[in-house]
Amino acid sequence: MAEMDIARLMRPRSVAIVGVSPEPSSAGFLMLRNLEQYRYPGEIHLVSRNRSDIGGRACVKTIDDLPEGVDAVMLLIPRVAIEDAVKACARRRVGGIIIFAAGFGEAGGEWKAAQDRIAAVAEEAGIALCGPNCLGIVDFVNRIPLTFSAQIGNPLEAKAGVAVVAQSGGLAGVVRVALNAKGIPVTC
């Protein structure tokens, strides 16, 4: 396996939320809210099959309608649509993808094979991949909450902090809350 550059995924200057919805309880809406509340400094692109705008932000219909070279794409869509979405991201020269959907490798059979195909497409295109079945990436220091999970507290005004890399989003969240309670900047 070749070395993978993850800079565009970890410090994106532009993000796209695929599967965004105006429904306040939807994962896409919650992710947009996190980006807005933390004053994410980059460009935000929205992809919705059936909305032309959400909250005053324009939406495009498909990944193929995004500008070329978006740094990080959040796929908040059903697992049956993920493989085609990753191929579309490769066509658009995306830098990184976060796949939130579950039921791939852990489901075995055809879904394990689909996960392997997704990984192969991403690797061939040089796309850094996070997931599937994850809560995303959160950088509280640089105002980059790439997750739909509710974030407790305010962004931290710090130049350095603690980085937590965990297999479990739940465990990372517990560590984050404990460190934040002590005023220690943390990125998960």
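The values are calculated or read from the model by the stated rules, or taken from the named source; none is laboratory data. Predicted model only: the values in this text are computed from it and were never measured. Heads up: the accessible areas ignore ligands, DNA and RNA and are worked out on the full protein's heavy atoms, side chains in. Shrake-Rupley method; radii C 1.70, N 1.55, O 1.52, S 1.80 Å.
Table for the structure above
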| quantity | calculated |
| --- | --- |
| Most fluctuating residue given options VAL47, VAL162, VAL86, as computed from a GNM of the chain linking Cα atoms under 10 Å | VAL162 |
| DSSP beta bridge pairing in the chain, given as percent antiparallel to the nearest 5 | 25 percent |
| GNM flexibility winner over the chain from VAL121, VAL70, VAL15 (Cα, springs under 10 Å) | VAL121 |
| Average accessible surface area per residue within the chain, 1.4 Å rolling probe, Å² | 51 Å² |
| Inter-centroid distance (Cα atoms) of region 120-143 relative to region 48-111, Å | 12 Å |
| Directionally averaged shadow of the chain, computed from the convex hull of its alpha-carbon atoms, nm² | 10.5 nm² |
| Cross-link partners of LYS112 among aspartates and glutamates (Cα-Cα below 20 Å; sequence separation of 8 or more within a chain) | GLU83, ASP84, GLU123, GLU124 |
